Amino acid sequence: MAQHRRGNFRIVIYLSLIVFFVLIVVSTFIILKLRASLPVRDGETQIEGLGSSVTITTDRLGIPSISAHTRRDAVMALGYVTAQDRLFQMDLLRRRAAGRLSEILGDITIETDKRQRVIGFNRAASKIVAHLPNEQKELLSAYADGVNAFIKQMGTAPMEFLLLRYRPEPWKPEDSILVAQNMFQMLSFSDDEERMLSIMEESLPPEVVAFLTPDTESYTQTILGGPDSHRPVQPIPVEAFASIRRDQARIAAHAKLVQPTDLGIGSNNWAVDGSKTFDGRAIVANDIHVGLSVPNLWYRASLSYGSVETTGIVLPGIPAVIIGSNGHVAWGFTNISGDFLDLVRLEINPDNPDEYKTSNGWTRFEVVNEQIKIKGGKHVIHPVKLTIWGPVSETALMDNPVAMHATAQQPDGVDIGLLEMDEAKSLEDALDAMNRFGGPPLNVVAADLSGRIGWTYCGRIPIRKGFDGSTTKSWADDCIGWDGYIPPPELPRLVAPPDGFLATANNRTLGKSYPYTVGHNYANSYRAYRISERLDATGRITEQDMFQLQLDTRFEFYEFYQQLALSVLTDSVIEGVPRLSQAQKHVAAWDGRAELESVAFGLLVRFRIILAKDVFRPFLARCHEVDSNFVYTWRAMDVPLQMLLTEKVPETLPDPANYQDWDEFILSKLVQSIDQLCSEYNCKSLDQVTWGRIHRPKISHPLGVFPVLGRFLNMPRNPLPGSEGCVRSPRASVRMVVSPGHAPDGSLHMPCGQSGNPVSKNYKDQHDYWVRGEWLPFLPGSATHTLKLTPNP
């Protein structure tokens with residue numbers, strides 16, 4: 001028996017060794033295969049179509065510096081080197097915009113592809129390219145040639161292509177337009193706001209709509225157009241409010257009826273002129289807040305050709321520096337929060353549902369049968385109805401069909417005129433180039449070598465006739481619709497501001513006297529207010545001062561909710577109730593900052609969310625009855641919310657059946673906030689629920705949803721100071737500070753790293769600097785690798 005056991009033991013040991021050996025071999029093979037996909041950084045490579053030799057050096061962070069004789073060669077080299085590091089990301093961006101994800105990911109993305117095919121970027125891209133100036137077409141072709149040169153030379157494909165078992169198709173100029181349209185969709189291509197306002201207009205008394213949808217709050221600061229607004233703050237319409245209140249029991253199922261707004265979506269940019277700095281230079285700062293992912297959305301690069309030398313970030317797939325400096329000027333962007341998409345209410349022929357009304361009478365829908373290929377050889381046909389204004393949305397509005405009409409769908413709505421910034425020599429050159437640029441409509445701040453600064457808009461902004469675009473109308477009568485775009489010379493502009501600085505943060509920058517309506521629903525103005533407050537109080541500013549301001553966690557916006565909580569946490573209420581005593585202690589001691597050790601800040605954030613949902617829901621139930629897709633997401637909802645919580649009018653108490661007065665209601669919501677936090681974070685005491693425990697944003701790779709891959713591909717979930725809505729945002733996908741002519745003194749850091757390849761040392765080597773809020777130089781460092789691209793003879 002003993003000999004038998006010893007024999008079995010030897011067999012187990014033998015099999016274990018075999019398994020271990022096989023695992024070692026397989027692991028070694030996988031690692032070698034992945035390493036074989038790393039780009040070549042040294043030596044010489046021939047590129048077909050190159051005019052003359054190009055030198056590409058990379059520093060320790062993998063940041064390329066491209067030196068060429070012509071712009072065309074520099075752009076081709078940029079396409080080549082970006083594809084080396086980010087080819088899968090580029091492929092996903094074009095596929096997402098075109099509705100072609102299912103070809104590589106299978107059934108899981110069918111609905112996404114269907115939505116994109118309805119939007120029709122795949123149909124619009126070729127028309128946009130055809131409409132571009134010849135020089136832009138040539139540069140898009142050169143960029144595509146560079147990308148395709150890498151694809152052609154690529155031996156082992158990057159990991160994602162191996163896992164998904166496909167090879168990328170050649171890059172085309174249309175693909176760069178698709179990448180640009182992705183940015184339009186991310187920043188300004190949403191019909192949610194118009195749906196919300198249209199339903200509210202149909203469902204509620206007008207004075208209630210006006211009260212709930214202001215475009216002004218206490219922090220609002222306009223740059224041009226005067227102090228008045230199109231949607232000023234209104235008093236509480238007590239009688240109308242009381243008349244529309246629903247019983248809480250009837251609306252319990254409407255969980256998403258109110259969605260408190262995300263205070264921090266967007267970006268910050270500001271500039272100071274020579275009167276505010278230590279030596280007369282002008283400085284630009286910009287941090288762009290978008291959804292974070294692995295790899296990062298942006299790619300660092302420096303391009304030099306002729307007398308031009310431009311450094312900053314590019315968007316993989318587009319051959320232009322998005323924000324940065326060319327030595328003469330520097331520039332940065334924030335989203336306008338404007339309205340660049342309209343829903344057109346369609347009047348259907350009662351005798352023929354295949355026809356809709358236009359100024360020429362009944363017109364037949366055009367139907368495009370979009371074929372969506374699915375991984376594995378299957379496909380589905382998705383019919384899309386088209387009108388003269390645009391595609392018919394799959395989601396009706398109040399049971400009425402609507403068509404989408406947006407800038408990004410128009411042949412003349414998109415271009416890559418940002419390329420002109422390479423050769424801008426003065427502030428006027430920069431602002432003029434931005435006014436002509438057909439990108440997503442954005443705020444631009446710029447500075448030049450002489451120490452001057454300015455602000456303007458870029459993008460095609462529609463001129464509306466017969467309406468302001470806030471709610472859905474029929475365009476069957478030619479009296480309503482679009483009448484071209486605001487001419488570049490008429491876009492708003494301010495040069496040499498009297499205070500010596502300019503700041504925007506997706507807030508409303510225009511007053512009512514500006515002759516065109518640009519938007520309706522703007523981001524909370526606290527960030528712009530805080531930046532301006534700091535700049536106004538500071539003199540002899542340096543780049544380091546600007547960088548430290550980007551890391552500011554002061555958030556006095558929440559002081560209202562702090563004082564509200566303290567007003568109900570009276571001695572008699574907290575006596576004998578430990579959790580309320582803890583809450584009172586932390587809230588009273590809060591220093592107004594979103595720091596990791598703070599308990600109060602996380603509690604106040606949750607308190608605001610619960611209050612917004614439960615205060616507004618009883619008064620908006622009628623909207624849900626009119627259209628079950630209704631959600632109230634007004635960005636300035638805190639204005640009416642705080643008025644209701646301050647005035648505490650008995651007739652506006654949201655739930656009088658369960659609460660005797662407003663104070664009892666407010667206390668209940670505070671207790672609910674405490675209980676939720678302790679439950680969600682498995683803490684016995686509120687003392688343990690710090691902001692650092694709550695605030696650990698996910699930064700994931702597209703394939704990181706699979707747990708095994710996620711551990712390998714995703715960034716660690718670090719606790720981050722700051723918050724949505726204060727200057728230091730966890731969505732800051734890049735932070736840049738630079739002065740024209742003083743680039744060595746500038747900074748630029750971003751999450752993750754340059755490379756999209758997880759076995760590269762540059763996959764996440766910039767990430768810790770970003771997490772810790774540490775300085776990285778704006779310019780690439782010393783060359784560690786040199787690659788020479790030469791023409792193919």
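Which chymotrypsin sites (Phe, Trp or Tyr not before Pro) does the range 420-485 hold that lie in a coil by DSSP with at most 12 other beta carbons within 10 Å? Working shown, then result.
Values: sites: Phe437, Trp455, Tyr457, Phe467, Trp475, Trp482, Tyr485; in loops: Phe437, Phe467, Trp475.
Filter output for the range 420-485: empty list.
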Projected-area average for the range 123-250 over all orientations - Cα convex hull basis, square nanometres: 16.2 nm²
C-alpha center-to-center spacing [the range 138-160, the range 484-526] in angstrom: 40 Å
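Given a 1.4 Å probe, how much area per residue of the range 735-793 is accessible, in Å²?
Details: 2100 Å² over 59 residues.
Using a 1.4 Å probe on heavy atoms only, each residue of the range 735-793 averages 36 Å².
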Dimensions in Å of the range 618-677 - Rg and Dmax from alpha carbons: 13.4, 34
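Name the chymotrypsin sites (Phe, Trp or Tyr not before Pro) in the range 572-622 that are in a loop by DSSP and that have at most 16 other C-beta atoms within 10 Å, would you? Each step should come with its number before you reach the end.
Working: sites: Trp590, Phe601, Phe607, Phe616, Phe619; in loops: Trp590.
Loop-located and lightly packed - none at all.
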Furthest towards positive pole of dipole, Gly317, Phe241, Ser275, structure part the range 225-365, Cβ charges: Phe241
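Find, among the trypsin sites (Lys or Arg not before Pro) in the range 48-82, those assigned to loop by DSSP (not H, G, I, E, B) with at most 16 other beta-carbon atoms within 10 angstrom.
Values: sites: Arg60, Arg71, Arg72; in loops: Arg60.
In loop regions of the range 48-82 (DSSP not H, G, I, E or B), the sparsely surrounded trypsin sites (Lys or Arg not before Pro) are Arg60.
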The range 304-331-the range 171-211 distance, computed between alpha-carbon centres (Å): 30 Å
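Got a number for carbon plus sulfur as a percent of the range 525-583's accessible area, 1.4 Å probe?
Values: 1120 of 2410 Å².
Percent of accessible area from carbon and sulfur atoms in the range 525-583: 47.
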Computed over the chain: relative contact order in percent, which uses C-alpha pairs under 8 Å that are six or more apart: 22 percent
Equivalent ellipsoid dimensions for the range 627-722 as semi-axes, Å, which come from the Cα gyration tensor, largest first: 37, 20, 13
Relative compactness, the chain, computed as alpha-carbon Rg over 2.2 N^0.38 Å: 1.01
Whole-percent carbon and sulfur share, accessible surface of the range 260-308, 1.4 Å: 53 percent
Accessible area of the range 557-697 divided out per residue, in Å², using a probe of 1.4 angstrom: 41 Å²
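What full-extension length gain, to one decimal in nm, is calculated for Gln672 and Ile388 as 0.36 nm per residue of separation minus the Cα-Cα distance? Mind showing how you got there, number by number?
Numbers: separation 284, 0.36 × 284 = 102.24 nm, distance 5.12 nm.
Here the answer is 97.1 nm.
In Å, what Kirkwood hydrodynamic radius results for the range 523-618 from the alpha-carbon pair distances?
Numbers: mean 1/r = 0.0646 Å⁻¹.
Computed over Cα pairs of the range 523-618, the Kirkwood hydrodynamic radius comes out at 15.5 Å.
On average over all directions, what projected area in square nanometres does the range 664-789 have, based on the convex hull of its Cα atoms? Provide the component values of the computation, followed by the final result.
Details: hull surface 50.6 nm².
That works out to 12.6 nm².
Can you send over the carbon and sulfur percentage of the accessible area for the range 161-252, probe radius 1.4 Å, protein chains only?
Whole-percent figure for carbon plus sulfur exposure: 51.
Once you sort the root eigenvalues of the Cα gyration tensor of the range 60-147 as a ≥ b ≥ c, which label holds: rounded (a/c under 1.5), prolate (a/b larger than b/c) or oblate (the other case)? Intermediate results must be reported in sequence, preceding the final value.
Working: a/c = 4.03, a/b = 1.49, b/c = 2.70.
Because a/c hits 1.5 or more and a/b fails to exceed b/c, the range 60-147 counts as oblate.
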Projected label distance in nm at His785 and Ile463, using a 7 Å step from Cα toward the beta-carbon: 5.2 nm
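Test of understanding: express the Cα radius of gyration of the range 460-499 as a ratio to 2.2 N^0.38 Å, with N the residue count.
Details: Rg = 14.6 Å, N = 40, 2.2 N^0.38 = 8.9 Å.
So the Cα radius of gyration is 1.64 times the expected 2.2 N^0.38 Å.
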Added length on full extension, which subtracts the Cα-Cα distance from 0.36 nm per residue, Asp192 to Ser218: 6.8 nm
For q = 0.11, 0.14, 0.19, 0.21 Å⁻¹, Debye-computed log10 I/I(0) when each Cα of the range 268-422 counts as one equal scatterer: -0.74, -0.93, -1.21, -1.33
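Take the cross-link list Lys152/Lys172; Lys114/Lys698; Lys114/Lys256; Lys172/Lys378 and give me the ones stretching past 19 Å between alpha-carbons. Kindly include the intermediate steps, with their values, before the conclusion.
Values: Lys152/Lys172 14 Å; Lys114/Lys698 27 Å; Lys114/Lys256 24 Å; Lys172/Lys378 25 Å.
Check vs 19 Å cut-off fails for Lys114/Lys698; Lys114/Lys256; Lys172/Lys378.
If the chain between Glu664 and Lys761 were fully stretched, how many nm would it gain, using 0.36 nm times the residue separation less the Cα-Cα distance?
On the way: separation 97, 0.36 × 97 = 34.92 nm, distance 5.67 nm.
Value of the extension gain: 29.3 nm.
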Between the range 705-777 and the range 57-85, the Cα center-to-center distance that results, in Å: 21 Å
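How many Å² of accessible area per residue for the range 101-160, probe 1.4 Å? Intermediate values should be presented prior to the final figure.
Details: 2380 Å² over 60 residues.
Heavy-atom accessible area per residue stands at 40 Å².
Say R0 is 56 Å: what FRET efficiency, to the nearest 0.05, do Ser359 and Asn134 get from their beta-carbon distance? Intermediate values should be presented prior to the final figure.
Details: r = 35 Å, r/R0 = 0.63.
It comes out at approximately 0.95.
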Anchor Lys788: aspartates and glutamates whose Cα lies under 18 Å away (excluding residues fewer than 8 positions away in-chain): Asp42, Glu44, Glu48, Asp59, Asp73, Asp85, Asp145
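The values are calculated or read from the model by the stated rules, or taken from the named source; none is laboratory data. These figures come from a predicted structure and were not determined experimentally. Cβ atoms come from the backbone with ideal geometry, glycine included; neighbour counts cover every protein chain shown. Side chains are part of the model used for accessible areas, which takes the heavy atoms of the whole protein and leaves out ligands, DNA and RNA. Shrake-Rupley method; radii C 1.70, N 1.55, O 1.52, S 1.80 Å.
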